[in-house]
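Student: Sharing a structure below in structure tokens format, with a few things to ask.
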Amino acid sequence: MPRDEILEQRAEFERAIEGQTLCTRLRDTAERHPDLPAYSDRDGAGWRTLTWGRTRQLALEIAAGFAALGLAPGEVVALMMPNRSEHVLADFGAVHAGGVPTTVYATLAADQVAFVAGNCSAAYAVLDGRDQLDRWLPVLDRLPGLRRVIVLDAAVCPSGDRFMTWDDFLELGRERLAADPAEIDRRWQAVKPSDTLTVLYTSGTTGDPKGVLITHTMALYEAAVSEATSALPPHNTAISYLPFAHIADRVLSMYLPVVRAAHVHMCPDPAQLTAVLREVRPDSFFGVPRVWEKIMAGVQAVLAAETDEAKKAAVAGALDVGRQYVGGLQYGGTVSAELRAAFEQADAAVLGTIRGLLGLDRVVQALSAAAPLPIEVARFFAGLGIKIMDVYGMTETTGAVTANTDEGFRLGTVGRPFPGVELRIAEDGEILVRGSTCTPGYLGRPEATAELLDEEGWVHTGDVGELDPDGFLKVVDRKKELIITAGGENIAPSLIENLLKEHPLVGQALAYGDRRPYVVALITLDGEVAPVWAAAAGIDTTDLAALAGHPLVLAEIEQAVTDANARLARVQQVKRWRVLPAEWTAESEELTPTLKLKRRVVHGKYTDVIEELYPS
């Protein structure tokens, strides 16, 4: 698209949100839809729900609470809580008081907490309970500017002037708002579109996390283009389970719901996601690739255990029809009347039932981001009749800047640019982005900001990509993560890793070979699938460490490597590999909280194992 048309699109969306802030949008939604459900939390066997009217009232009371404690405009409130309505309310309350909320990843160690809280000069913290306190208490003496710590779980709230229970904080806010409502009105009305709405810290895959500045305008532009390109029904239903420190869940569970008066169900424990999915049956669902992979692995494990050959054949046939049907819906494709009829029959007989068992039967918008979705995962869900719309963006662009949409999607790509977004590929293959959602920079990190933003305002994403003739973007890999072998070949490790992870037994994989004569791989077993697979294979243990060395498991992994190698060029093929005895998690630090590999951590932890794979 010519640049003048892109700029015209941008100007149109900027005019639509001119003068608006999150505060004004929440006011408008609360006035128009005061009784519609906003946020629901599990309450015993049922759900406890806040309406949009009540959400705004509580946000104002919490803003008054922060004002009573002395929060000055621009000061930072650090939040460390799971996905629960109080997290959103504390965030909105801080904003309405003129403050800047930042969610701190709940998996950070104490020293990392100290770094983040110190970098943003957090003046207040709102913590959930014991686990979060254990991460903050050891470093409080290093945070003299942190004036008050508010704790939701009153039973573990320490004594002393520096601490306060959530209930006492709410009571303080109610009293302050009742006594002087005009003060809070002045505060939220003084908030400007160009003000910082939140500071979000990168997940630290390449060193200390950096605080990304996100303004009200950036967030509302992102919400506006997301809304304009969405096929969702009004007031959609969704599930929030990813950390609010992650830009995707902030947009999808905080900012976009305010704009469209959506209903968000909270899932504070991601391990309960499958159960919540089946109960809520949302009409929109977002998953990082690893979540989609785990759902796929679970379905594949169940299908593999089926002993009725007639049923297996029926499911396989239905999945094939689903893949053909969704494939035909791609940009430039066609769906014949015969294929449509065949899909409707397969959907009624098989596919709809499977989606229902997963809780995905009502989903009309399935999204994936944070890393490119492996093509085989996309094809698997296409077989179920689900179009996973892969999107691309980063914290520094307030989330998605490209997206697959109903009007134009192509499997294996992350779609085309959102309206008003400029995108180009640099000479070295790096993806460059420019637009209204791009950050002005990192908090207190001018040198890092200079590396991110060039003089013309282009964000250097650090990702390598390709554009096809129709303008669809394909992300190849991270620029700094490309393997350059001893022979000089450039290899994208994620390509190899994604092929390995197609086998249900494989939980995570890391390909290695920088400056080496060939590629090797470290592999971990899937903690949920491996015990089920082992039982079906007659293995009398479910211990992952034991399974990692079991001959039957090793033979199956060898086959997985062979299958992956068959689809790779010779220089990309894995020559040697090792199955590790434990899973990689965010807690053990091999993964970020958004389940991306921390390659430096893995390289450091498993240096000896890697060296053993390169015998002299």
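Student: Among the candidates Arg56, Arg27, Arg10, single out the residue that is of a type in the set (Lys, Arg) and outside the structural domain of Ala245 (by TED's automatic domain parsing).
Tutor: Numbers: Arg56 fails: outside the structural domain of Ala245 (by TED's automatic domain parsing); Arg27 fails: outside the structural domain of Ala245 (by TED's automatic domain parsing).
Arg10 is the lone residue from the list that is of a type in the set (Lys, Arg) and outside the structural domain of Ala245 (by TED's automatic domain parsing).
Student: Here's a follow-up. Determine if the stretch 536-553 includes at least one residue that is in contact (Cβ under 8 Å) with a residue 40 or more places away in the chain and in a loop (DSSP other than H, G, I, E, B).
Tutor: Within the stretch 536-553, not a single residue is in contact (Cβ under 8 Å) with a residue 40 or more places away in the chain and in a loop (DSSP other than H, G, I, E, B).
Student: If I filter the stretch 347-394 down to residues being within 15 Å of the chain's Cα centre (by Cα) and hydroxyl-bearing (Ser, Thr, Tyr), which single residue comes out as surrounded by the most Cβ atoms within 10 Å (Cβ to Cβ)?
Tutor: Tyr392
Student: Also: All but one of (1) surrounded by fewer than 18 Cβ atoms within 10 Å (Cβ to Cβ); (2) in contact with a Gly (Cβ under 8 Å, 6 or more places away or on another chain); (3) over 22 Å from Ser368 (Cα atoms) hold for Leu453; state the number of the condition that does not hold.
Tutor: Among (1) surrounded by fewer than 18 Cβ atoms within 10 Å (Cβ to Cβ); (2) in contact with a Gly (Cβ under 8 Å, 6 or more places away or on another chain); (3) over 22 Å from Ser368 (Cα atoms), the lone unmet condition for Leu453 is (1).
Student: Here's another thing I want to ask about it. Any idea which residue in the stretch 264-304 is modelled with the highest pLDDT, counting only those that are among the β-branched types (Val, Ile, Thr) and touching a Leu at 6+ places or on another chain (Cβ under 7 Å)? Give the derivation first.
Tutor: Filtering the stretch 264-304 down to residues among the β-branched types (Val, Ile, Thr) leaves 264, 274, 276, 280, 288, 291, 295, 299, 302.
Those still in the list that are touching a Leu at 6+ places or on another chain (Cβ under 7 Å) too: 288, 295.
On the way: Val288: 86, Ile295: 92.
Among those that are among the β-branched types (Val, Ile, Thr) and touching a Leu at 6+ places or on another chain (Cβ under 7 Å), it is Ile295.
Student: Shifting gears a bit: Given the conditions (1) aliphatic (A, V, I, L, M); (2) more than 30 Å from Leu213 (Cα to Cα); (3) part of a loop (DSSP other than H, G, I, E, B), report the number of the one that Ile354 does not fulfil.
Tutor: Unmet condition: (3).
Student: Can you tell me which residue is surrounded by the most Cβ atoms within 10 Å (Cβ to Cβ) among those in the stretch 474-497 that are of a type in the set (D, E, K, R) and over 16 Å from Leu597 (Cα atoms)?
Tutor: For the stretch 474-497, the residue satisfying everything is Lys474.
Student: Now, a different point. Of all residues in the stretch 1-58, count the ones that are assigned to a helix (DSSP H, G or I) and of a type in the set (S, T, N, Q).
Tutor: 5
Student: Inspect all residues belonging to the stretch 577-593 and state whether any of them is of a type in the set (Gly, Ala, Ser), touching a Phe, Trp or Tyr at 6+ places or on another chain (Cβ under 9 Å) and either within 18 Å of Leu495 (Cα to Cα) or buried (at least 19 other Cβ atoms within 10 Å of the Cβ) (or both).
Tutor: yes
Student: Which residue is surrounded by the most Cβ atoms within 10 Å (Cβ to Cβ), if the candidates are limited to the stretch 291-336 and must be part of a helix (DSSP H, G or I) and acidic (Asp, Glu)? Working first, answer last.
Tutor: Restricting attention to the stretch 291-336, the residues satisfying the condition of being part of a helix (DSSP H, G or I) are 291-305, 309-328.
With the extra rule that they be acidic (Asp, Glu), the set shrinks to 293, 309, 320.
Working: Glu293: 25, Glu309: 8, Asp320: 13.
Here the answer is Glu293.
Student: Looking only at the stretch 431-450, how many residues end up being outside any helix (DSSP H, G or I), surrounded by fewer than 16 Cβ atoms within 10 Å (Cβ to Cβ) and aliphatic (A, V, I, L, M)?
Tutor: Counting residues in the stretch 431-450 that are outside any helix (DSSP H, G or I), surrounded by fewer than 16 Cβ atoms within 10 Å (Cβ to Cβ) and aliphatic (A, V, I, L, M) gives 0.
Student: Further question on the same structure: Looking at the structure I just gave you, is Arg567 loosely packed, with under 14 Cβ neighbours inside 10 Å, touching a residue at least 12 places away in the same chain (Cβ under 8 Å) and not in a helix (DSSP H, G or I)?
Tutor: yes
Student: For the stretch 419-442, does any single residue satisfy the condition of being in contact (Cβ under 8 Å) with a residue 60 or more places away in the chain, over 23 Å from Ala11 (Cβ atoms) and not assigned by TED's automatic domain parsing to the domain that holds Thr103?
Tutor: Yes.
Student: On to the next question. Could you look through the stretch 443-473, keep only residues that are among the hydrophobic types (A, V, I, L, M, F, W, C) and free of Cβ contacts under 8 Å to residues at least 40 places away in the same chain, and pick out the one that is nearest to Ser494 (Cα to Cα)?
Tutor: Across the stretch 443-473, the extreme among qualifying residues is Val464.
Residue-by-condition table, conditions (1) over 23 Å from Lys501 (Cβ atoms); (2) in the same structural domain as Lys387 (by TED's automatic domain parsing):
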site	(1), (2)
Pro270	no, no
Val276	yes, no
Gly317	yes, yes
Gly356	yes, yes
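Student: In the set Leu50, Leu69, which member is under 27 Å from the mean Cα position of the chain (by Cα) and at pLDDT 95 or above?
Tutor: One residue alone meets the criteria, Leu50.
Student: Continuing with this model, one more query. Within the stretch 323-334, is even one residue within 18 Å of the chain's Cα centre (by Cα) and touching a residue at least 60 places away in the same chain (Cβ under 8 Å)?
Tutor: Looking for residues that are within 18 Å of the chain's Cα centre (by Cα) and touching a residue at least 60 places away in the same chain (Cβ under 8 Å), one finds none in the stretch 323-334, hence no.
Student: Go through the stretch 394-425 and count every residue that is at positive phi and in a strand (DSSP E or B).
Tutor: 1
Student: Going by what's in this entry, would Glu556 be described as out of contact with any His (no Cβ under 7 Å at 6 or more places or on another chain) and either surrounded by fewer than 14 Cβ atoms within 10 Å (Cβ to Cβ) or not in a helix (DSSP H, G or I) (or both)?
Tutor: no
Student: Something else about it: Can you tell me which of (1) in the same structural domain as Glu590 (by TED's automatic domain parsing); (2) not in a strand (DSSP E or B) is the one Gly471 doesn't meet?
Tutor: (1)
Student: Moving on to the next point. Go through the stretch 28-39 and count every residue that is surrounded by fewer than 19 Cβ atoms within 10 Å (Cβ to Cβ) and free of Cβ contacts under 8 Å to residues at least 40 places away in the same chain.
Tutor: Selection size over the stretch 28-39: 4.
Student: I'm trying to understand the selection: among the residues of the stretch 257-290, which are within 25 Å of Pro34 (Cα to Cα), of a type in the set (Lys, Arg) and assigned to a helix (DSSP H, G or I)?
Tutor: Across the stretch 257-290, the qualifying residue is only Arg260.
Student: Another one. Can you tell me which of (1) over 30 Å from Glu489 (Cβ atoms); (2) in contact with a helix residue (DSSP H, G or I) (Cβ under 9 Å, 6 or more places away or on another chain) is the one Val561 doesn't meet?
Tutor: That leaves (1) as the condition not met.
Student: Pro243 - would you say it is closer than 30 Å to Glu481 by Cβ, in contact with a Pro (Cβ under 6 Å, 6 or more places away or on another chain) and of a type outside the set (A, V, I, L, M)?
Tutor: Working: closer than 30 Å to Glu481 by Cβ: yes; in contact with a Pro (Cβ under 6 Å, 6 or more places away or on another chain): yes; of a type outside the set (A, V, I, L, M): yes.
Considered against the rule, which asks whether it is closer than 30 Å to Glu481 by Cβ, in contact with a Pro (Cβ under 6 Å, 6 or more places away or on another chain) and of a type outside the set (A, V, I, L, M), Pro243 comes out as yes.
Student: What pairs come up if the first residue lies in the stretch 120-140 and is under 19 Å from Ser85 (Cα atoms) and of a type in the set (A, V, I, L, M, F, W, C), the second is modelled with pLDDT of 95 or more and in a loop (DSSP other than H, G, I, E, B), and their beta carbons are under 8 Å apart, counting only those six or more places apart or on different chains?
Tutor: Ala125/Leu146; Val126/Met81; Val126/Leu152; Leu127/Met81; Leu127/Leu152
Student: Taking the condition surrounded by fewer than 24 Cβ atoms within 10 Å (Cβ to Cβ), charged (D, E, K, R) and within 25 Å of Pro493 (Cβ to Cβ), does Arg410 pass?
Tutor: Criteria met by Arg410.
Student: For the stretch 128-153, how many residues meet the condition of being out of contact with any strand residue (DSSP E or B) (no Cβ under 8 Å at 6 or more places or on another chain) and either among the basic types (Lys, Arg) or surrounded by 18 or more Cβ atoms within 10 Å (Cβ to Cβ) (or both)?
Tutor: So the count comes out to 3.
The values are calculated or read from the model by the stated rules, or taken from the named source; none is laboratory data. Worth saying up front: this structure is predicted, and the values here are computed from it rather than measured. Quick reminder, even Gly has a Cβ in these numbers, built from the backbone with ideal geometry, and neighbours come from all protein chains shown.
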